[in-house]
1. Output the residues belonging to the range 220-250 that are under 27 Å from Leu180 (Cβ atoms) and in contact with a Ser or Thr (Cβ under 7 Å, 6 or more places away or on another chain).
2. Output the qualifying pairs, or none if there are none: Cβ atoms under 8 angstrom, residues six or more apart or on different chains, first residue in the range 424-436 and touching a residue at least 60 places away in the same chain (Cβ under 8 Å), second residue part of a helix (DSSP H, G or I).
3. With Asp194, Asp183, Asp190 as the choices, which residue is free of Cβ contacts under 8 Å to residues at least 60 places away in the same chain and not assigned by TED's automatic domain parsing to the domain that holds Met435?
4. Of everything in the range 133-178 that's among the polar types (S, T, N, Q) and in a helix (DSSP H, G or I), which residue is farthest from Pro121 (Cα to Cα)?
5. Give the residue that is farthest from the chain's Cα centre (by Cα), with candidates limited to residues of the range 421-444 that are of a type in the set (A, V, I, L, M, F, W, C), at pLDDT 95 or above and surrounded by 15 or more Cβ atoms within 10 Å (Cβ to Cβ).
6. So is Leu175 among the aliphatic types (A, V, I, L, M), without any contact (Cβ under 8 Å) to a residue 40 or more places away in the chain and over 30 Å from Tyr269 (Cα atoms) or not?
7. Regarding Asp382, is this residue in the same structural domain as Thr239 (by TED's automatic domain parsing) and in contact with a strand residue (DSSP E or B) (Cβ under 9 Å, 6 or more places away or on another chain)?
8. If I filter the range 147-170 down to residues being in contact with a helix residue (DSSP H, G or I) (Cβ under 7 Å, 6 or more places away or on another chain) and of a type in the set (Gly, Ala, Ser), which single residue comes out as surrounded by the most Cβ atoms within 10 Å (Cβ to Cβ)?
Amino acid sequence: MGRLIVVSNRVSPPTDAGAGSVGGLAMALGAALREFSGVWFGWSGQTVDSYTGQLRVERHGGITIATVDLDDQDRNEYYNGYANRTLWPLFHYRTDLTAYERSFDAGYQRVNARFAEALAPLIQPDDFIWVQDYHLALLARELRALGVRNRIGFFLHIPWPGRRTFTTLPRHRELVTALLDYDLIGFQADDFRDAFADYIVQTVKGSVSADGEVRALGRTSRIGAFPIGLDVEAFEAATRSEAAAETAARLAASAAGRQVILGVDRLDYSKGLEERFLAYEQLLVDHPELHEKLFLLQVATLSREEVDAYKDLRARLDTVSGRINGAFATMDWVPLRYVNRAYRRDELAGMYRASALGLVTPLRDGMNLVAKEYVAAQDPDDPGVLVLSEFAGAAAQLRAALIVNPMSREDVAEAIRRGLAMPRAERRSRWRDLMAEVRRSPVEAWRDAFVAALREPPRPGPRNLVEAETRATASPAA
């Protein structure tokens, strides 16, 4: 049985500190890597003056960690450029923010090739390779060019956009051709898998079978939906921790009897934070009887501060939050608490538990595990209410939440009002349904399902369809 090699843009080795900042994805991948005596390969996060390709290999908690440094040009063109200024906004339907620059495209191709060159010497004949996310869509193509014939899978953690949006990308056909060099392509939800299949059938005139076999552009591959979940046991343990209890008590004390509405997000335009603030402002305008009886606590961890769109978003949020507080605050009530710092997982668990309502309203999201974390942290006897965007992947599973259109401030405002007034019996009933779903699809199930599908023997016949069609034409049976 071969090793599992996980490849990601950044390597996040899991630790034993389950309550720390390492997320459930890192924990789940770490468990799989230990089971298969695996290797985790990726960028070290460090930049150097000149790229050397030198591989740094170390053992960490039973896992082999292999990293390479990138140079400043790589970081700017591949990471800040094509990954985060081209693919990220495009895949989240923000074509207005999508930057198409030739240097970004070149940098993306160059770094994918460099990753392949650094990784290839580590690969043994029986290994199987699992590549994570949009940064490395071209990696299988580059590995195949180096002679690697191992099973290689790709999982996209973010949405796959609709066909009309995706085809605005220059060289979109080349990107999809490279993706089809993977044996298995995984998506977070049926909608994203179906959008990819629609592109295959409608744009490049390929075919997709009922069981997910793709035949297009001279290649065969398979696609499937693999919804990611929580490390439920670890998160529940964090919820029971002393740090969580202290955080919950501190938040409850500061609330002074008011109901807490909680948002926890990375500061990103895909999360719908500006729209959320405006919806909350609408609630305060429409329902003056709620003044001084609630407040919104928005935790928005800073990210990608080198990208102009994120700087602009932060400035707008500062303006809107200031306007709301200026208009509605009183001597002893601040309606919106807006915090730009990171909290540990156990601290977040305490915040979730102390809040009456969790507000998860991204404009587009691959899954959004905050929604599942909020559910898992609740007191079964007196749970809070989850308000969830219909455009988050989690909405397909968490149907007992209050599902909203995040573009409609009236829709979101009414859901907040309804959630805060919801009787305990209804809250408990909805929470039981939500928690049952969270338990049905833990992160381990996601991991195991993808790895099992990747390790399935390939179907008979060549991967290259040109060769297959040549053989069929020459065969009397054809």
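The values are calculated or read from the model by the stated rules, or taken from the named source; none is laboratory data. This one's a predicted model, so the numbers in the text were calculated from it and none came from an experiment. Every residue, glycine among them, receives a Cβ derived from its backbone with ideal geometry; neighbour counts consider all protein chains shown.
1. Pro227
2. Listed pairs, sorted by first residue: Met435/Val375; Met435/Ala376.
3. None of the other options fit; the residue is Asp194.
4. Going through the range 133-178, the residues among the polar types (S, T, N, Q) turn out to be 150, 165, 167-168, 177.
Subsequent filtering for residues that are in a helix (DSSP H, G or I) retains 165, 177.
Details: Thr165: 38, Thr177: 25 Å.
Top of the filtered list is Thr165.
5. Checking each candidate, the answer is Met422.
6. Values: among the aliphatic types (A, V, I, L, M): yes; without any contact (Cβ under 8 Å) to a residue 40 or more places away in the chain: yes; over 30 Å from Tyr269 (Cα atoms): no.
It is false that Leu175 is among the aliphatic types (A, V, I, L, M), without any contact (Cβ under 8 Å) to a residue 40 or more places away in the chain and over 30 Å from Tyr269 (Cα atoms).
7. Numbers: in the same structural domain as Thr239 (by TED's automatic domain parsing): yes; in contact with a strand residue (DSSP E or B) (Cβ under 9 Å, 6 or more places away or on another chain): no.
Against the criterion (in the same structural domain as Thr239 (by TED's automatic domain parsing) and in contact with a strand residue (DSSP E or B) (Cβ under 9 Å, 6 or more places away or on another chain)), Asp382 does not qualify.
8. The initial filter retains those residues of the range 147-170 that are in contact with a helix residue (DSSP H, G or I) (Cβ under 7 Å, 6 or more places away or on another chain), namely 148, 151-156, 158-163, 165-166, 168-169.
With of a type in the set (Gly, Ala, Ser) added as a condition, the list becomes 153, 162.
Working: Gly153: 24, Gly162: 15.
Selected residue: Gly153.
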